[in-house]
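Step one of this worksheet: look at the structure below.
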Amino acid sequence: KILTSLLTAVMTVSLAMLTVSAEEGAAQSSSYTIKINNSTTGHTYEAYQIFTGRLNDTGNTLYDIVWGKDVNSEALLTELKGHSLYENCTNAREVAMILDHSEDDSAIAKEFADIVNKYLSATQVATSTPISGGYEITGLQPGYYLIKDKDNSQSGKSSAYTRVILKLVNDVTIE
């Protein structure tokens, strides 16, 4: 059965821990790759940048967090402020700090993914390419991404739609 709400069949929402710090660091110019281990053919995954920022010197902490280019940040923040958890947030960094304190696959992370999905831009930052044993999304900059099946790409199939949010500060494999 095709699931149109937040899904757990193929992947679960994965919100990696984010340490928001004020320390200065070197800007990273590297691009990263997300590998999705899924041998089911016919998926087209899209990556939408929700937050972006700079990496610290060790390359594992995102700071100077701002809204990513693939989200309508004004409308998203307006809706988020209607939820008690985010009502005092005024920018992307404050929203990211709240998400930092939530567990992977938590109700908070799932709800955030559902809300973000409504405010994505018409074009994604990157689309997957099929590879042996799965799919790959390349050329991504450090940030938080919503990874999902392309809208209407699973219609009439017995596969599930997927929404995953993850922090990207190096190459990642999603099981």
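What the table below lists for this structure:
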quantity: Among residues of the range 86-101, those that are at pLDDT 95 or above and surrounded by 15 or more Cβ atoms within 10 Å (Cβ to Cβ), counted; calculated: 6
quantity: Leading residue by the ranking (nearest to GLY143 (Cα to Cα)) among those in the range 45-84 that are hydroxyl-bearing (Ser, Thr, Tyr) and surrounded by 15 or more Cβ atoms within 10 Å (Cβ to Cβ); calculated: THR52
quantity: Entirely in the range 126-175, the strands (runs of 3 or more DSSP E) that have 1 or more residues that are more than 12 Å from GLN49 (Cα to Cα) and modelled with pLDDT of 85 or more; calculated: 129-131, 134-140
quantity: Residue match in the range 107-127 (condition: of a type outside the set (Ser, Thr, Tyr), under 26 Å from THR33 (Cβ atoms), open to solvent by 70 Å² or more (accessible area, probe 1.4 Å) and in contact (Cβ under 8 Å) with a residue 12 or more places away in the chain); calculated: no
quantity: Hits in the range 66-122 (condition: among the polar types (S, T, N, Q), outside any loop (DSSP other than H, G, I, E, B) and more than 13 Å from TYR48 (Cα to Cα)); calculated: THR78, SER84
quantity: Some residue of the range 73-85 being of a type in the set (A, V, I, L, M), at pLDDT 90 or above and under 14 Å from the mean Cα position of the chain (by Cα); calculated: no
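The values are calculated or read from the model by the stated rules, or taken from the named source; none is laboratory data. Everything numeric in this text was worked out from a predicted model, so none of it was measured. Don't worry about glycine lacking a Cβ; one is built from the backbone with ideal geometry, like all the others, and counts go over all protein chains shown. For accessibility, only protein heavy atoms count, side chains too; no ligands or nucleic acids. Shrake-Rupley method; radii C 1.70, N 1.55, O 1.52, S 1.80 Å.
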